[in-house]
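Participant: Shown below is the structure under consideration.
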Amino acid sequence: MNNVKGDILWRVYLVYFVVALFAFLIIAKVVYIQVVEGDKWKEVARNTTLRYVETDATRGDVYADDGRLLATSVPVYEIRMDVSSHVTSDELFFSNVDSLALNLSRLFGDRTPQQYRHILIEARKNQERYLLLKRNVSFNELNKLREFPIFRRGRFGGGLIIEENTRREMPFKSLAARTIGYERGGYYVGLEGAYRDYLEGIKGKRLMRRTSGGRWIPINDENEIKPKNGKDILTTININMQDVVENSLRRQLHKFDADYGTAVVMEVATGKTKAISNLTINEKGAYEELFNYAVGESAEPGSTFKLASLLVALEDGVVSPDDFVNTGDGTITYADRTMHDSEADGFGMITVRNALEVSSNVAISKIIYDNYRKRPQKFIDKLKAMGLGKKLDIEISGEGNPVLKDVNSSGWSGVSLPWMSIGYGVSFTPLQLLTFYNAVANDGKMVKPMFVEEIRRTGENIKKFNPQVISQRIASKQTIKKANDMLVSVVENGSAKNIYTPAYQIAGKTGTAQVANTKFGYIGESGGISYRASFVGYFPADNPQYSMIIVIHNPKGWIYTGSQVAAPVFRDIADKIFATHINLPTKDFERPLMANLPVFKAGNYYDIRKIYRHFNGNTGNIPETQWVSANVNGDTVVFRDREFIQNLVPNVVGMSLKDALYILENAEMEVRFTGKGTVRKQSIRPGLRIKPRQVIILELS
């Protein structure tokens, strides 16, 4: 009996011991986890429910040369709501949910009040802590939303959650859009990419907490690191010139149904790019900025390259402008290939000056071939010494590679030298070719194209960019003077005489390059040719201020030459720039005094005054506001203030579309328009109170 009792007790003690040992091990493990591994598991817990995320800094602004905005970051807000009973009581929520739904529907107009009510009620049932109501909410909408029922109690009393983001906006829309640049999928182009390090700023950090639904919401934390906003850049772009350039180029592209075109205006002395437009036809038949041809497309320039060839020959002294060249019947054969002039029977015996005027292929090629066939590399080295054949290394990425072959390059043959002399077998971007012509205008000094003048922080200049000289002199003063005279003669007597004006001198060269369409074949095969029309030059030629290049690719129809397609665009732009941006005394020409001054009914005072002063109009009185009506009496212009009252529909009749858009959009109206010209009629009578998101239709004359 005692043995049985002892055996039972032994087993009981063993069980107690095992249980006690197990309990001790559990306690030991808990202590080990808390004491030894405590920091590790706390970090795991934090990473599971809390984490820091980077917050973007506000990107810096991009300005035109006069300080007007070209690109800016506009604050937009994401509106969410904590609908749970932790924040709002049932009494508060259900007594105000109908009013809140109605106000949200009226403000955003994307859902009915019933739909908003259903969303809010369902979220309340699910106790959602982070309900998304609307993205991309404007600042004005946010201010109105703060006064809505429930929301007026704020975040902790009404569950209103506001998250601020930014959206990049370009106030002038497509104006120089490809050059200013933008971001697509994390990749930046244009100036936005070139100056990204300045514009981006420094990112901050925000603590986020994961909710029971798996969503991450921000926590107001004193340890949050605020982002440091980016710096601003002041570009060389002039908005008025840019507007003129883009509109003139677009009209010509439409007229000739061209595939695409580019136009660039550069300040001669500094290389500052004042306007740059690149327009491509899209699937809908409209032209928009899709690719920066001025910077990125390297192509055969054709006849505009003839100036470079003659500059080498003039500098070497092998010819002078008055030497004669026999072009014969307008054909010449090099090796197994025949070159033709545009004149069917040739130009006969002409001077070197005449050769450039009429753009004779035979004459230019003979000059170069006769003098450099035994030493072609010397000709090529001279071109390179003048700055041709190498990249400009501009800040904007994607610059096209120039092509200028050496004699030992693959593909060099007996026809390479003569064809190179007239612009084939070489390739340059429009900006590279313009830089060369700009050097001729700049008395031989070649300067690098500029796009940005200053880096600023909150209006203060922290870095200034000065013009960079690529070459102090590409040729002697005597050679540059001869080249200038010949380029003036091209406009006054030669292929570009259709753009001659007595108001000021234009110097330049036409170009009509044949382009092989690869889907048809090579140049010379039937159906395989399209054309690239171009004109490059500068003005006023006696005191050059601006240089410009126009390139239009594949104009349709029978008219396709540089003189007929590209040169008129140059003249149209030059006329407007000369009238508004150049104030030079002229000896042989006075600005016109018209019998009747042109009538501009209304617009910006400074713009209208500048135009009337160009026509020697008397603009005596100074208005109190910048928006005026103009009344003309003989040679006198009287300005009257045109006042605009906040929240009332402005009177924009008589204004240009640009001025009308500026005024109406600043009044937060949505503008639609029909026709062209100035505003003849507006759909809403001036003086009426403006309604939210109100649409106004302008009828243009």
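Participant: Please work out how much length the chain gains when fully extended from Asp393 to Ala344, using 0.36 nm per residue of separation minus the C-alpha to C-alpha distance, in nm with one decimal.
Facilitator: Details: separation 49, 0.36 × 49 = 17.64 nm, distance 4.24 nm.
Separation in residues times 0.36 nm, less the Cα-Cα distance, equals 13.4 nm.
Participant: Can I ask one more? So for Glu357, Glu665, fewest C-beta neighbours within 10 Å to most, what's the order?
Facilitator: Working: Glu357 23, Glu665 12.
By the 10 Å Cβ count, ascending, the order reads Glu665, Glu357.
Participant: Counting Lys +1, Arg +1, Asp -1, Glu -1, what net charge surrounds Ile480 among other residues with beta carbon under 13 Å of its beta carbon?
Facilitator: Values: positive: Lys445, Arg473, Lys477, Lys481, Lys482; negative: Glu315, Asp443, Asp485.
Its environment carries a net charge of +2.
Participant: Okay, next question. Given a Förster distance of 56 angstrom, what is the FRET efficiency for Gln646 paired with Ile582, based on the Cβ-Cβ distance and rounded to 0.05?
Facilitator: Here the calculated transfer efficiency is 0.90.
Participant: Need one word for segment 253-343: rounded, prolate or oblate. Basis is the Cα gyration tensor (sqrt eigenvalues a ≥ b ≥ c); a/c below 1.5 gives rounded, then a/b vs b/c decides. Walk me through the intermediate numbers first.
Facilitator: Details: a/c = 3.10, a/b = 1.61, b/c = 1.92.
Note, shape of segment 253-343 comes out oblate.
Participant: If packing is taken as the average count of other Cβ atoms within 10 Å, what order do 328-336, 688-696, 169-177 fall into, highest mean first?
Facilitator: Working: 328-336: 14.4, 688-696: 12.8, 169-177: 17.9.
Packing order, densest peptide first, comes out as 169-177, 328-336, 688-696.
Participant: Under the rule of at least 5 residues apart or a separate chain, name every residue whose amide H is placed under 5 Å from the amide H of Thr236.
Facilitator: Residues meeting the amide H criterion: Val452, Glu453.
Participant: With labels modelled as points extended 7 Å from the Cα through the Cβ direction, what inter-label distance (nm, one decimal) is found for Glu460 paired with Gln514?
Facilitator: 6.3
Participant: Oh, and also: Per q in 0.10, 0.12, 0.14, 0.15 Å⁻¹, report the Debye log10 I(q)/I(0) for segment 53-234, using one uniform scatterer on each alpha carbon and no solvent.
Facilitator: Log-scaled intensity ratios, in q order: -0.52, -0.71, -0.87, -0.95.
Participant: For segment 391-406, in order, what is each residue's ³J(HN,Hα) by Karplus, 6.51 cos²θ - 1.76 cosθ + 1.60 with θ = phi - 60°, in whole Hz (x at glycine and Pro)?
Facilitator: Values per residue, Gly and Pro as x: 5, 7, 6, 6, 5, 5, 6, x, 5, x, 7, x, 10, 9, 6, 8 Hz.
Participant: Taking 0.36 nm per residue of separation and subtracting the Cα-Cα distance, what length does fully extending Tyr500 through Arg337 add? The partial results should precede the final answer.
Facilitator: Details: separation 163, 0.36 × 163 = 58.68 nm, distance 3.59 nm.
Going from the current span to full extension adds 55.1 nm.
Participant: Using only alpha carbon positions, build the gyration tensor of segment 371-465, then give the equivalent ellipsoid semi-axes as the square roots of 5 times its eigenvalues, largest first, whole angstrom.
Facilitator: Details: eigenvalues 251, 40, 19 Å².
Equivalent ellipsoid semi-axes, largest first: 35, 14, 10 Å.
Participant: Related question: Pick out, in residue order, every one of the trypsin sites (Lys or Arg not before Pro) in segment 360-428 that is DSSP loop and has at most 14 other C-beta atoms within 10 Å; say none if there are none. Could the numbers behind the result be given before it?
Facilitator: Details: sites: Lys366, Arg373, Lys374, Lys378, Lys382, Lys384, Lys390, Lys391, Lys405; in loops: Arg373, Lys374, Lys390, Lys391, Lys405.
Qualifying residues, ordered by number: Arg373, Lys374, Lys390, Lys391.
Participant: Along segment 466-480, what does the Karplus equation 6.51 cos²θ - 1.76 cosθ + 1.60 (θ = phi - 60°) give for ³J(HN,Hα), rounded to whole Hz, x for Gly and Pro?
Facilitator: Taking θ as phi minus 60°, the curve returns 9, x, 10, 8, 7, 8, 5, 7, 7, 7, 5, 4, 5, 5, 4 Hz for segment 466-480.
Participant: What is the spin-label model distance, in nm, from Gln115 to Lys658 if the labels are put 7 Å beyond Cα along the C-beta direction?
Facilitator: 4.1
Participant: If the cut-off is a Cα-Cα distance under 22 Å, which lysines reach Lys497, setting aside same-chain residues fewer than 8 apart in sequence?
Facilitator: Excluding near neighbours in sequence, the set is Lys255, Lys306, Lys481, Lys482, Lys509, Lys576, Lys587.
Participant: Net charge around Pro544, counting only other residues with Cβ within less than 11 Å of its Cβ (Lys, Arg = +1; Asp, Glu = -1)? The partial results should precede the final answer.
Facilitator: Values: positive: none; negative: Glu267, Asp443, Asp542.
Once all neighbours under 11 Å are counted, the net charge is -3.
Participant: Let me ask something else. Taking 51 Å as R0, compute the FRET efficiency from the Cβ-Cβ separation of Arg184 and Ser95 and round it to 0.05. Write down the numbers at each step before the final one.
Facilitator: Numbers: r = 48 Å, r/R0 = 0.94.
Computed FRET efficiency for Arg184 and Ser95 comes out at 0.60.
Participant: Between Glu224 and residues 5 or more places away or on another chain, which pairs have amide H atoms under 5 Å apart, with H built 1.01 Å from N, and which residues are they?
Facilitator: Amide H neighbours of Glu224, under 5 Å, 5+ apart: none.
Participant: As an exercise, use a Förster radius of 56 Å and the Cβ-Cβ distance of Ala20 and Asn136 to find the FRET efficiency, rounded to the nearest 0.05. Before the final figure, lay out each step's value.
Facilitator: Values: r = 65 Å, r/R0 = 1.17.
With R0 = 56 Å, the Cβ-Cβ based efficiency is 0.30.
Participant: What are the ³J(HN,Hα) couplings of segment 445-461, residue after residue, when phi is run through the Karplus curve with 6.51, -1.76, 1.60 and θ = phi - 60°? Round to Hz, x for glycine and proline.
Facilitator: Per residue, the Karplus-derived 3J(HN,Hα) values read 8, 9, 10, 6, x, 10, 10, 10, 9, 9, 10, 10, 10, 6, x, 9, 6 Hz.
Participant: Amide H to amide H, which residues 5 or more places from Tyr546 or on other chains are under 5 Å from it, using H placed in the peptide plane?
Facilitator: Correct list: Val268, Phe539.
Participant: Points 7 angstrom from Cα along the Cβ direction at Ser471 and Thr166: gap in nanometres?
Facilitator: 4.2
Participant: Another one. Net charge near Arg111: determine it from the other residues with C-beta under 12 Å of the C-beta of Arg111, scoring Lys and Arg +1 and Asp and Glu -1.
Facilitator: Working: positive: Arg106, Arg117, Lys134; negative: Asp110.
Residues near Arg111 contribute +2 overall.
All of the numbers you see were taken from the coordinates with simple rules; none came from a lab. All values derive from a computational prediction rather than experimental measurement. Using ideal geometry, Cβ is built from the backbone for each residue, glycine included, and neighbour counts are taken over all protein chains shown.
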